[in-house]
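Working notes, beginning with the structure itself.
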Amino acid sequence: MKAVYKRVLIKLSGEALASGKGFGLHQETVDEVSRQICMVASDGVETAIVVGGGNIWRGRSGEGMDRVTADYMGMLATTINALALQDSIERQGHEVRVQSAIAMQEICEPYIRRRAVRHLEKGRVVVFAAGIGSPYFSTDTAAALRAIEIEAEIILSAKNVDGVYSDDPNLNPNAIKYDTLSYEEVIKGSLRAIDATAATLCRDNNLPLLVFSLAKPSNIFDAVCGINVGTYISNS
Ligand code: GTP
């Protein structure tokens, strides 16, 4: 199989790195995901990553806490995951750079769009940490924004569900899985594929999104080869 995209942004949910434990980092899972990322990048696909932080901390888990503080803690959680990915990708022999939306220059580079694009052109994987650096925005929105900025052709959103359903498949056994959806359907139907801010950004900038499960890590490579391994969302 051959890759059909030249530049992609992979959105990894934090939970997907925790494996069955749901919390923290499961090293074997991180290594397996990184192996797939390296396969994609080695195939010549320019690969950027946005990773969530839900395996460590979620803004909304800070009950009673100041929302802005809780969100900043979430951004730090995404940075921990970004460094874990950097370590694993590097150990597997591929060049990688982490860029953070919040300055922490002792730890990683600051986010500089032109520099990120240069890294991608040189074949390096670029991991974007700390969301967009502002509270009240999700890492889905960070993925949409960064993908648009770097002119990625698609967002590949790897989650712990295998696509978008009409209802929560864990609670409703009759929930139907969609193969394709339009952004209008996602936004109007309040389908929980991606939050509304991110969906609107993708719609307005005509950026497609593929939602799929990381339970089968080979899905990442298959997705880059143009196979619909979950639910494909676009404007058409
Ligand atoms: P080229 O200039 O294209 O060769 O890119 P490069 O990233 O290899 O060059 P550079 O000399 O900028 O970076 C060398 C190493 O330092 C890389 O691992 C970068 O990720 C890292 N680095 C660069 N800038 C910063 C920074 O501001 N903070 C931290 N912590 N690391 C940085």
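Throughout, read-outs are computed from the coordinates displayed, never taken from laboratory work. In this text the structure is predicted, and so the values were computed from the model without any measurement. Methodologically, a virtual Cβ is constructed for each residue, glycine included, from the backbone with ideal geometry; neighbour enumeration extends over all protein chains shown.
How about the range 151-224: which GluC sites (Glu not before Pro) there lie in a loop by DSSP and see at most 16 other Cβ atoms within 10 Å?
Glu151, Glu153
Which number comes out as Rg/Rh for the range 112-208 once both Rg and the Kirkwood Rh are worked out on C-alpha atoms?
Values: Rg = 15.2 Å, Rh = 14.9 Å.
Rounded to two decimals, Rg over Rh is 1.02.
Between Asp87 and Glu28, what is 0.36 nm times their sequence separation minus the Cα-Cα distance? Round to one decimal in nm.
Between Asp87 and Glu28, full extension yields 20.0 nm more.
Could you work out the relative contact order of the chain, using alpha carbon pairs under 8 angstrom and six or more residues apart, expressed as a whole percent? Write down the numbers at each step before the final one.
Values: 510 pairs, mean separation 54.2, N = 236.
Relative contact order for the chain comes out at 23 percent.
When the scattering of the range 152-204 is computed by the Debye formula from its Cα atoms alone, each counted once and equally, what is log10 I(q)/I(0) at q = 0.27 Å⁻¹?
Once normalised to I(0) and log-transformed, intensities are -1.23.
What is the mean projected area of the alpha carbon convex hull for the chain, to one decimal in square nanometres?
Working: hull surface 49.5 nm².
Reported value for the Cα convex hull: 12.4 nm².
Note the per residue figure in Å³ for the convex hull of the C-alpha positions in the range 1-124.
Details: hull volume 14.2 nm³, N = 124.
That works out to 114 Å³ per residue.
Report, ordered by chain and residue number, the lysines lying within cross-link reach of Lys159, taken as a straight Cα distance under 20 Å and ignoring same-chain residues fewer than 8 apart.
Output for Lys159: Lys11, Lys21, Lys177, Lys216.
When the C-alpha atoms of the range 115-164 are aligned to their principal axes, what extent does each axis show, in angstrom, from largest down?
Principal-axis extents of the Cα atoms in the range 115-164, largest first: 34, 27, 15 Å.
Within a Cβ distance under 12 Å of Val186, other residues only, what is the Lys/Arg minus Asp/Glu net charge?
Values: positive: Lys188, Arg192, Arg203; negative: Asp140, Glu184, Glu185, Asp195.
Within the 12 Å Cβ shell, the charges total -1.
Let's test the formula: R0 of 41 Å, r as the Cβ-Cβ distance of Arg115 and Asp168. What FRET efficiency results, to the nearest 0.05?
Numbers: r = 41 Å, r/R0 = 0.99.
Result of the calculation: an efficiency of 0.50.
Per-residue ellipticity at 222 nm for the chain, helices alone: DSSP H runs ≥ 4 residues times -39500 (n - 2.57), over residue total, nearest 500 deg cm²/dmol? Write out the running numbers ahead of the final one.
Working: 7 runs with 82 residues, N = 236.
Mean residue ellipticity, 222 nm, calculated: -10500 deg cm²/dmol.
Counting DSSP beta bridges in the chain, what percent are antiparallel, to the nearest 5?
So the antiparallel bridges in the chain amount to around 15 percent.
If I model a spin label as a point 7 Å beyond the Cα along the Cα-Cβ vector, how far apart are those points for Lys177 and Ile107 in nm?
3.6 nm
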